[in-house]
Amino acid sequence: MNNGNGRRLNGETEEDDDDEGSEGDLDAWERTYADERSWESLQEDESGLLRPVDNTTLYHAQYRRRIRSLSSQATTARIQKGLIRYLYIVVDLSRAAAEMDYRPSRMAVVAKHVEAFIREFFDQNPLSQLGLVTIKDGIAHCLTDLGGSPESHVKALMGKLECSGESSLQNALDLVHGYLNQIPSYGHREVLILYSALSTCDPGDILETIQKCKKSKMRCSVIGLSAEIFICKHLCQETGGSYSVAMDESHFKELILEHAPPPPAIAEFAIANLIKMGFPQRAAESSIAICSCHKEAKVGGGYTCPRCKARVCELPTECRICGLTLISSPHLARSYHHLFPIVPFDEVSPSVLNDPHNRLPRSCFGCQQSFPNPGNKPSLRVACPKCKQHFCLDCDIYIHESLHNCPGCESFRHSKSPIATEE
C-alpha cells in the first residue's frame, strides 16, 4: 500500500512537472491569453468584432473627467485650499489584509500604491508632512512620525509588512488624534485610512472617539478594500472626509491618488494666519554638527536653522529646538500652481479635423510630433482655450499633472514682452 501510494504520488509529481514544462513551451501570444481574466482586455466594436481595449484612450478619458470635475468645482467659487497639510496614513494590517482577492494579496497591493502615493503627495504638497500608522492585533502602531522625507516613510513601511489579528479603528483614531491635536491651527489635519477588515474590535465607544476627532477639526477619509461598512461611512460624514470602496487594483490606485492634491478648506477651519517661516542655508560639506532630528553627529550636508543655528537633515520640517517652520524657496514656489490651476484643454472634434477649409497645425506645439490622420477615430488632439495651440494627449497630461503651465501661453507672453519694451 505504501509503495502504491508512493508510486501514485510520484506519478502526480511527474504529471505536474509535465504541466509546468508545457506552460513554459507556450508561445508569447498563448501566454498572454493564458493569464487569468484575459477576457477583460477585449471589447466589442460597432461591427460586433472583438478588439483589444485601448488603455491609452481609456486612461485619457478618465483623466479628462477628473480634470473637468476639479475645474467645475474651482469655477463655481473661489476655493481656499489647505497647502500646509499634516496627513497620517493608517494601513490595516490585520489578517483581512492577507486575503488574495487582490493579487498577490491586499497587503502587497496596498504597500505598492502607498509607496506611489507618498511620492506623489510630497511632489504636490511640498510644504506638508506625512506619517504612517498600522493596525495589527487590535493595536495601532506608529511607524513614522510626521516628516517630509518620502524615503524614510517608504523604508519603514516595507520593513513592517506582516498581517495578524483583528483590526481596531478606535485605537487607530485615538493614536492619530493624540499626534494631530498638537498641530498648529494653520495646519490642516487629515487622516487617510486604508481598511481591509469588515469589522472593528474596539475597547470602548467609537462614536465618542469620532466626535472627539470632529471637535479637533480632523478630516478622516476611508478607502475600503472589501465592502462598505457603516461605521467608516459615519466617520467620514461626521468629519467631512470621503468614503469609497475599491472594486479592483486600478480603481484603488485611482481612489488613493485623488487624495494627493490639496483638498478644499472647510469654511469653519479656514482661518487666515500669518506663519513665521525660516529659510535655512545648506551647511558646508566638511562641517561636523549634531543633528537635532536624529540626535547624532553627522559630517556635511544638512541645513542650519536661521533662528537657533540647530542642524536639521531635511526640508520641510519643524525645528526641534525653537519650533520654527523651515522650508526652501522652491518648496514655496511649487505650491503656487494649486492657487491658480491651468484650465482644462478643449478636445478638437472630428468634424473640425475633417473640414478641409480649416488650416490646423500638423504637429503638437509641445513635443513637435506630427498628429496622426484622424479618419473616423475619436479626437487625438486638444486645444488650449486661451492661446488656441494644439497639443497631443501625452502633452495634455504632462502639462496638467507636472508642468502646470501652458507652453503656448508662456511663449505668447514672452513674445509680447520685447515688443512692449521697444514701444
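The values are calculated or read from the model by the stated rules, or taken from the named source; none is laboratory data. A quick note: this is a predicted structure, and the numbers were derived from the prediction, not measured. Glycine also receives a Cβ, built like all others from the backbone with ideal geometry; neighbour counts cover every protein chain displayed. Only protein heavy atoms, including side chains, enter the accessible area calculation; ligands, DNA and RNA are left aside. Shrake-Rupley method; radii C 1.70, N 1.55, O 1.52, S 1.80 Å.
Of interest is the spacing of the C-alpha centroids, which for segment 300-361 and segment 188-247 amounts to 30 Å.
Using 1/(1 + (r/R0)^6) with R0 = 41 angstrom and r between the beta carbons of residue 44 and residue 137, what's the FRET efficiency to the nearest 0.05?
Numbers: r = 49 Å, r/R0 = 1.19.
Computed FRET efficiency for residue 44 and residue 137: 0.25.
In this label model, residue 411 and residue 338 are separated by 3.1 nm, measuring between points 7 Å along each Cα→Cβ vector.
Remark on segment 152-300: ratio of C-alpha radius of gyration to 2.2 N^0.38 Å is 1.30. Applied to segment 299-314, the Karplus parametrisation 6.51 cos²θ - 1.76 cosθ + 1.60 on θ = phi - 60° returns per-residue 3J(HN,Hα) values of 9, x, x, x, 9, 10, 5, x, 8, 10, 6, 6, 9, 10, 8, 9 Hz, with x for Gly and Pro.
Within segment 85-210, what whole-number % of the accessible surface is contributed by carbon and sulfur, with the 1.4 Å probe and all protein chains included in the calculation? The partial results should precede the final answer.
Numbers: 2480 of 4830 Å².
Answer for segment 85-210: carbon and sulfur cover 51 percent of the accessible area.
Counting charges near residue 181 (Lys, Arg +1; Asp, Glu -1) among other residues having Cβ under 10 Å from its Cβ returns a value of +4. Amide H contacts of residue 193: 90, 221, 222, 223, each under 5 Å away and 5 or more positions distant or on a separate chain (H built 1.01 Å from N in the peptide plane; Pro and chain starts excluded). When peptides 274-280, 124-130 are ranked by their average number of other Cβ atoms within 10 Å per residue, the highest-first order is 124-130, 274-280. Remark on residue 165: its backbone amide H falls under 5 Å from those of 95, 137, a criterion applied only to residues 5 or more positions apart or on other chains, H modelled at 1.01 Å from N.
Ligands, DNA and RNA excluded, the heavy atoms of residue 339 present near 80 Å² of accessible surface to a 1.4 Å solvent probe. With kT/(6 pi eta Rh) evaluated at 37 °C and eta = 0.692 mPa s, and Rh the Kirkwood radius from Cα pairs, segment 263-373 diffuses with a coefficient of 173 µm²/s according to Stokes-Einstein.
Converting phi to 3J(HN,Hα) with the Karplus coefficients 6.51, -1.76 and 1.60 and the offset θ = phi - 60°, segment 177-189 yields 4, x, 7, 6, 5, 8, 6, x, 5, 6, x, 8, 8 Hz in sequence order, with x at every glycine or proline. Rolling a 1.4 Å probe across all protein chains gives residue 142 an accessible area of roughly 40 Å². Full extension of the chain segment joining residue 123 with residue 284 gains 55.3 nm, where the gain is 0.36 nm per residue of separation less the Cα-Cα distance.
Once you list every other residue whose beta carbon is under 13 Å from the beta carbon of residue 319, what net charge do they have if Lys and Arg are +1 and Asp and Glu are -1? Intermediate values should be presented prior to the final figure.
Values: positive: 276, 307, 309, 311, 320; negative: 314, 318.
Local charge sum for residue 319: +3.
Rounded to the nearest whole Hz, the Karplus-based 3J(HN,Hα) values (6.51 cos²θ - 1.76 cosθ + 1.60, θ = phi - 60°) of segment 328-337 follow the sequence 10, 4, x, 4, 5, 5, 6, 7, 5, 5, with x at glycine and proline. Computed from the C-beta positions of residue 386 and residue 275, the FRET efficiency with R₀ = 45 Å rounds to 0.85. The listed peptides 380-391, 154-165, ordered by packing as a protection proxy, come out as 380-391, 154-165 (highest mean of other Cβ atoms within 10 Å first). Between the amide H of residue 241 and those of 220, distances stay under 5 Å, these residues lying 5 or more places away or on another chain, with hydrogens modeled in the peptide plane.
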